[in-house]
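Enquirer: Can you keep this structure in mind? I'll have questions shortly.
The values are calculated or read from the model by the stated rules, or taken from the named source; none is laboratory data. Every value quoted in this text rests on a predicted model; they were computed, and no experiment measured them. Neighbour counts are summed over all protein chains in view; Cβ atoms, including those assigned to glycine, are modelled from backbone coordinates with ideal geometry. Ligands, DNA and RNA are excluded from the accessible area calculation, which covers all protein heavy atoms including side chains. Shrake-Rupley method; radii C 1.70, N 1.55, O 1.52, S 1.80 Å.
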Amino acid sequence: MSLNQAIETAPPAVPLKVRFGGWGTGLMLLAVWLLLIVATGLYRQDFFSQQTVLAVAFTMSIVGVLAIGQGLVAISGGFIDLSQPAGMITASLVAVRLSEAGMPLIVVIIGAILTGMVWGAFNAAIIVFAKLNPVIVTLATNFIGLAVLFLVFQLAEVPLNSDIYHFGRASFLGLPAIFWPMLGLVLVVGFLLPRTKYGRRATAVGGNRAAAKARGISLKATRFAIFMAAGGFVGFAAVLFAATAGPFNPGSGNAMQLNIIAGVILAGISLAGGRGNFWMLLLSVGFLSTIPTSLVFFGLSSDTQSIFQGLILIIAVAIDGYRARKGTP
Amino acid sequence: MTTVAADTTALPPAPHNPWRDVLTGSVASITFTFIAVVAVGWFWVGPKFLSFGNISIMGTFLIVPLIVGAFSGPALLSGVVDLSIGSMVGFSSALFALLISLGWDPASAAAVTLVACLCFGGINAIAIVGFGAEPIAATLGMLVALRGIAWVLLGSQGAIFAFNIDMFNLVSMTIFGLPLFFLLAILLTAIAAVIVTKTRMGRHVQAVGGDDRAAARAGISVKKVRVAALLLSAFGAGLGGIVFAGQLGSAARATGVGLEFQVYAALMIGGYSILRGGVGNPVGGALGLLAVAGVSNILDLKAISPYYVNIIVGLLLLAAVLLDRLRGGDAYE
């Protein structure tokens, strides 16, 4: 018991090199991001404008919140949650129906978050009780979920002039209003994860399952908690999505999936679990969200965007794999 | 007491029995699923379900998935999954159609297309085998990148018409009332099955997927096997794309989109695992594709929304993974 407490309260003994390595990720991301901004700015002076900042902040918001959920799943050893699109669209639909019923914004938000958490619990139940790998389970539930959604609705939209509609179009301190909750959530999660008992447990389960189990951490309970929390973030992202997307169909969330996974990996949150700093998500998601705007300024079609995104993901995963290989001799 | 114990311990190893293999082997569950699908089709739709005309329609749609599935099986067996096959089919059909529309002859267009596909497969191999990238994530990146490249090739119109009458005649040739290429794809599957189960090379692939460290200690080059498997999967997808373009006489933005999920869901239902190598058999994979095509055909004939196919496929997928775990797959905690 005392050993258990000692481990849980003691600061993790991290070698200096690894700790520097963590900040190295941040510096590298910042450098690449600045390089992209400077290159685009030199090519087209008008890139440096309020419009660009708005577009980037706007793109960052939804992807950022979803990336928190994805990062939680990854850091706890759940690998990837491929069911985020179905979960988000389900929660968005709930948000739309609630705001159509004239509910106040807070009820809409709570409803969407609860929907996301139920979706997460549904995934976790299959993963934990059938002991199946999360990648396949979420692949299948996404498949099933989207098919059911297509049977339920074709097109949905929040009513004009509802609270959530105005929230999606409001701005605060020169940036879209939806940007600030994302910033706050990333900062809070990034602060709490290495500093609270539950955060360290989640990371420990991802790092070494057997060791975490031997220490008395319930893998099942942790898995449930992680997937429900991740679902909660998906639900909140659904509010931001419903508020800003205009009319959406069940397939509208699919395009974001890759940016989210790329953002998590670029941020150094290892898909192998147990490692990562959530604050880095601001840099990685910021960088990835600048790419579409930059490409427009370079005069490239939106089709080329996927080429860049795909290649960046391959490079990021290769770096992640190289690091993991060096870390475990 | 002692004699009983001695009897049970001294029991001779069970003789090889192909019938028991059918009941317990990795192809067992898909055989039952396949029979169930055929039975449901027979009773619900009627004899029309098994008519030559209907099978021929299903076969025409199955040619590309069967080819792609037969070639991507070895990658799954060796423990690396290649998600980029769907986009690779799209890219290959776009490049092939573009070259044909520029006046190339089909043979050299096909050769150039296949070489291009092998190059992209090589990038996958460098990232995964060379750098140790996670196969699912790396090939997901390749999936998106290749889709972008295909769309750029297709231009602003989003489609290239490249109708070649010789190609079309070749692809739509029939023997005994069934499409020639469907029968060829089945033959390809059979050859793949023989190579995987009966040859030294196939056993090496299975050994690498089953336990790469043990395979390395046994003197098998794990890297070589995996690089070859990834190149083979890219080659198969390239071939599938060319056949696709030949069938349709064109390439479009939607070509190959989602094919990777269609193929892998069917392969997993057929006994492959995308998370651990060393299990699965090309025959099971082909039966998986046939079973899913059968389900979709039944719903089609009964005029039921195609979205139910995805629900059924998703549920079958979960059931298949559960069966794989119960049969000795890794339990996830």
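Enquirer: Only residues that are buried (at least 18 other Cβ atoms within 10 Å of the Cβ), touching a Leu at 6+ places or on another chain (Cβ under 7 Å) and part of a helix (DSSP H, G or I): list them for the stretch A:118-135, please.
Expert: A:Ile126, A:Val135
Enquirer: Of all the helices (runs of 4 or more DSSP H) wholly in the stretch A:219-329, which have at least 3 residues that are under 28 Å from A:Thr90 (Cα atoms) and more than 8 Å from every other protein chain (Cβ to nearest Cβ)?
Expert: Working: elements: A:219-245, A:256-266, A:280-297, A:302-327.
Counting at least 3 such residues, we get A:219-245, A:256-266, A:280-297.
Enquirer: Of the numbered conditions (1) assigned to a helix (DSSP H, G or I); (2) under 25 Å from A:Gln305 (Cβ atoms), B:Val129 satisfies every one except a single condition; which is it?
Expert: If we test B:Val129 against (1) assigned to a helix (DSSP H, G or I); (2) under 25 Å from A:Gln305 (Cβ atoms), just (2) comes out false.
Enquirer: Another question about this same structure. Of the numbered conditions (1) over 30 Å from A:Ala318 (Cα atoms); (2) touching a Phe, Trp or Tyr at 6+ places or on another chain (Cβ under 6 Å); (3) crowded, with 23+ Cβ neighbours inside 10 Å, B:Gly177 fails exactly one; give the number of that condition.
Expert: Looking at each condition in turn, B:Gly177 falls short on (3).
Enquirer: Taking the condition of being among the small types (Gly, Ala, Ser) and surrounded by fewer than 20 Cβ atoms within 10 Å (Cβ to Cβ), how many residues in the stretch A:287-317 meet it?
Expert: 3
Enquirer: Quick one: which of A:Ile62, A:Ile127, A:Ile110, A:Ile68 is within 14 Å of chain B (Cβ to nearest Cβ) and not basic (Lys, Arg)?
Expert: A:Ile127
Enquirer: Separate question: Restricting the search to the stretch B:122-138, which residues are facing chain A (nearest Cβ under 7 Å) and open to solvent by less than 10 Å² (accessible area, probe 1.4 Å)?
Expert: B:Ala127, B:Ala133, B:Ala137, B:Ala138
Enquirer: In addition: When you go through (1) more than 24 Å from A:Gly120 (Cα to Cα); (2) free of Cβ contacts under 8 Å to residues at least 24 places away in the same chain; (3) of a type outside the set (Val, Ile, Thr) one by one for A:Asp163, which number turns out not to apply?
Expert: (2)
Enquirer: Right, here's the next one. Name the one entry in B:Val89, B:Val81 that is within 17 Å of B:Gln247 (Cα to Cα), open to solvent by less than 20 Å² (accessible area, probe 1.4 Å) and under 20 Å from the mean Cα position of the chain (by Cα).
Expert: B:Val89
Enquirer: Then there's this: Pick out, from the stretch B:192-291, the helices (runs of 4 or more DSSP H) lying fully within it that include 1 or more residues that are open to solvent by less than 30 Å² (accessible area, probe 1.4 Å) and farther than 21 Å from B:Ala125 by Cα.
Expert: Counting at least 1 such residues, we get B:222-248, B:259-269.
Enquirer: When you go through B:Leu95, B:Leu153 one by one, which is the residue that is outside any strand (DSSP E or B), more than 11 Å from chain A (Cβ to nearest Cβ) and open to solvent by 20 Å² or more (accessible area, probe 1.4 Å)?
Expert: B:Leu95
Enquirer: Among residues belonging to the stretch A:140-190 that are of a type in the set (Gly, Ala, Ser) and in a loop (DSSP other than H, G, I, E, B), point out the one that is farthest from A:Ile113 (Cα to Cα).
Expert: Filtering the stretch A:140-190 for residues that are of a type in the set (Gly, Ala, Ser) and in a loop (DSSP other than H, G, I, E, B), the one farthest from A:Ile113 (Cα to Cα) comes out as A:Gly174.
Enquirer: Applying the selection to the stretch B:184-199, what residues are in contact with a helix residue (DSSP H, G or I) (Cβ under 6 Å, 6 or more places away or on another chain) and farther than 12 Å from B:Gly280 by Cβ?
Expert: Those that are in contact with a helix residue (DSSP H, G or I) (Cβ under 6 Å, 6 or more places away or on another chain) and farther than 12 Å from B:Gly280 by Cβ: B:Ala185, B:Leu188, B:Thr189, B:Ile195.
Enquirer: Hey, another quick one. Taking the criterion of being within 14 Å of chain A (Cβ to nearest Cβ), closer than 30 Å to B:Phe96 by Cα, over 11 Å from the mean Cα position of the chain (by Cα) and modelled with pLDDT under 85, would at least one residue in the stretch B:266-282 satisfy it?
Expert: Within the stretch B:266-282, one or more residues are within 14 Å of chain A (Cβ to nearest Cβ), closer than 30 Å to B:Phe96 by Cα, over 11 Å from the mean Cα position of the chain (by Cα) and modelled with pLDDT under 85.
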